[in-house]
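The next block holds one structure in the form of structure tokens; read it before the comments.
The values are calculated or read from the model by the stated rules, or taken from the named source; none is laboratory data. None of these values were measured; they are calculated from a predicted model. Here the Cβ is made from the backbone with ideal geometry for all residues, glycine too, and neighbour counts use every protein chain on show. Note: accessible area is taken over every heavy atom of the protein model, side chains too, but ligands, DNA and RNA are not part of it. Shrake-Rupley method; radii C 1.70, N 1.55, O 1.52, S 1.80 Å.
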Amino acid sequence: MFISDRYRILLLMAILAVVGLAIGGATLIILYNTSFDQTRERLIEAVQSRARLIEAMARHTRRHLEEHHDAAGVSMASPERILAEILDQLREAHEHFPGMGRTGEFTLGQRQGDEIVFLLHRRHDNTGDTPIPVPHNSLVAEPMRRALSGNSGWVVGMDYRGVEVLAAHEPVRLLGMGIVAKLDMAEVRHPYEVAAGLAFFAGLGVILIGVLFFFRVGEPLLRQIHEAALLRESRRHLEEARAALQEKAVYLDNILRTATDMAIVATDRDFLILYCNPAAEVMHGLSASEVIGRHLEEIHKQRDVDPERFALGIEHVRIDGEHTYEVRSSQGGRERIIHSRVSGILDDAGGLVGYLLMARDVSDERAVIHSLEKSERRYRLLVESANDAILVADADTGVIVDANPMAEALLGRPLADILGKHQTDLHPIEEMEHYARLFADHVEGRRKTVDNVEVLRADGQRVPVEIRAAVTDLGDQRVILGIFRDVTERRRSEETLRLSRESLVKAQMIAHLGNWDWDVRTNELEWSDEVYHIFGLPPKTCLASFDDYLHAVHPLDRSLVEESIRRTLAEPYPPYDIEHRILRPDGGEVYVHERGALILDVENRPVRMLGTVQDITQRKLMALRMQTLNQELELRVTLRTRDLERSNRDLQQFAYVASHDLQEPLRLVAGFVQLLEKRYAGALDEKATQYIAYVVDGVKHMDALINSLLAYARVETQGEALTLVSCDSVLDRALRYLSRICVASEAVITRDPLPQLTADEGQLIQVFQNLIGNALKFRGEVAPRIHVGCRREGAEWLFTVRDNGIGIDAQYAERIFVIFQKLHARSRYEGTGIGLALCKRIIERHGGRIWVESTQGEGSAFHFTLPAGTPENVAAL
């Protein structure tokens, strides 16, 4: 013990010495760093001031030399002359500079080609030769190389001698030179290296002196301290022995007193009370001082204990050595149940010397048992009425010990077949090991819920279930309770939902339509995969916030999108609906149509916005293409309109010529021929009279042709404005004009109710008159039967004029609508051949169509359509 104490004191002295050395070393390091920083700042200040001084000298020298010229009149301010003047002044100044340390040095250098040339150097100990040039890319002269590179600052590196120095460097940009002020690192470190050596040896000396002092003075003192410690240890053992005796003395009393739920009373063989513990005081409501020395029978009388039952208990004690019974009593208005036990106290010879009565209030315990029984009944009720299968297995063996009726229904087995089975027997045999691991995970608490598992019914059917399990300790047994839920219907629903989602994703992909969800409060944005596809991005990458999304919007459309979002987020919260461009990472532009709607909280504030994104690039490009085509079409229509206007002017000119210049000679010919016929009526033979008749007939036919052509030309130029007219009235007027022919041919004309529509009434009369007139003209052997029909087809009215005439060969169905085209000789059927052409021109002016359906010998059906719109819409056609 003494030796170990000595070693500990020596170790403590060594530690103190090491700590002292460490503190001294740390102090030296701090002082060194402080001195280093001061030296560095002094060098930086010196080199910067000299650089500025040299630049000022250069400017002054240049101005001075520029004022002087040589004999040839040339300015003396050449760069070489300026440099020489400055170097001379610097050399002179250096002679008077007091110096900076033993190794301090200023150097002034310039780069010439690939070498650094030192123009001036000054060591403060006036030693050293002029430095020789060094390569610019060498490892030495690092401070000067930095200065010539335009860098200002300091560095610890190799100078032109290859010696480590602390240097400050500064460029002299006006002269293209660099200046360096430096101090050898050996000089910087020397004082502190000497101090460190002195401190080390001083510390070593202190340790040696301390060891010697300890062995001379400390060891006798340590012996005295050790002897005092041994004395204290002896006294401590004595006190511990005394305390142990006291503890044993009160040990039994403490046991009895700490039995708070067990009342203990000891009597002599005459039932005089010798001892009672605090629990007995509480149970009987009497203190120990009140009962000790009294007869037990007195206490029983106060507590209403049946004396005969107690006497019977004492007889049992004398025979059997002990007796147990229960006593019911009332305390504080509450019935109490006291479980009592009486035994005899024997001496060493086995003789009875007294009695020990122990009683315990079991009222609360019985209440707990009753509550547990109620809980058990409640548990059975809940388990047996649960909608899920519940199985209880031993956590250690895995054997099923209980199950509810739903478990019987799920497994298709009676309860007797389930109980006693191992839990793995409920599952398919080929996956038994897998389910054994799952059971172990549940027991260890690593799992609470398991899905995607199956149980095996008695009929071999596999049923998918979800299992929720928990381990419960029942005191004598640890069980695991598992709730098995049949998820067959949920699986079907999930599969239906999965198929529906896949259909939705495919539909969105086909329609180039994606959806998004923006949390307005957190600014988080979620997109479907199709949206990432539209934006040209891999799914689930970036665009995690609305700001990221705005970055993807085309810069020219970004303000428009932001403004639309602001409008949507402000009351009355209009829907978000906008078309704009997206700029893909590859530089491509995509047109999108976005729609969105807000979700509001109970305070009518926006919390989320749900919406869709549709790629409308193809539609936009098609619209632009259509716009281009429309512009081209408008240009063509404009050009065509000009051509038509020119043609109409030509046609009007022709109409004027036809009505005046052409008809006037015809009338003159007809007049003179008729005068010739009258004047020479008796002188002309029959042949001449026939010729005159031919001439008059030809003139009349020519006049009819000209009038017909004039009417054809005036369909567009002299038509009336389109107004609302009754087609029934129009047909009535046309029939009045044809009444003589109708009567003569005994024609039967029927018709459907005709509508009101927008048209040129005069031209529409002409259409009906021409079509019905043709039906009367080109009739067969029987009396003409003509029907005018009409029905609505979308935005048009379809009119039909059907007859039973001679019909038309199908090959001439288009030819008959060409001007002056006739299928029969004029001698057989009169006419100019312009009627149907005139009808076509009128119908086309109204924006309709006309065609014929006919079989030769069976009659014809002429169809034409007219718009059913308003006058403005029809006029626009």
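A few comments on the model shown:
- Sequence-ordered 3J(HN,Hα) estimates for region 384-395 from the Karplus curve with 6.51, -1.76 and 1.60 and θ = phi - 60° stand at 6, 9, 5, 7, 10, 6, 10, 10, 10, 10, 5, 5 Hz, glycine and proline given as x.
- Placing a label point 7 Å from the Cα of ASP417 along the Cα-to-Cβ direction, the residues of region 448-487 with a backbone N closer than 16 Å are 455-463.
- Calculated from backbone phi, Karplus (6.51, -1.76, 1.60) coupling profile of region 311-322 in Hz, x at Gly/Pro: 5, 5, x, 5, 4, 5, 5, 5, 8, 9, x, 7
- Averaged over residues, the count of other Cβ atoms within 10 Å places the peptides 385-393, 291-299 in the sequence 385-393, 291-299, highest first.
- Surface analysis of region 731-811 yields an accessible area of 51 Å² per residue, using protein heavy atoms and a 1.4 Å probe.
- Residues SER739 and ARG679, FRET efficiency given R0 of 35 Å [Cβ-Cβ distance, rounded to 0.05]: 0.30
- Relative packing of peptides 134-144, 418-428 - highest average C-beta neighbours within 10 Å first: 134-144, 418-428
- Judged by the mean number of other Cβ atoms found within 10 Å, the most tightly packed of the peptides 636-642, 560-566, 797-803, 775-781 leads the ranking 797-803, 775-781, 560-566, 636-642.
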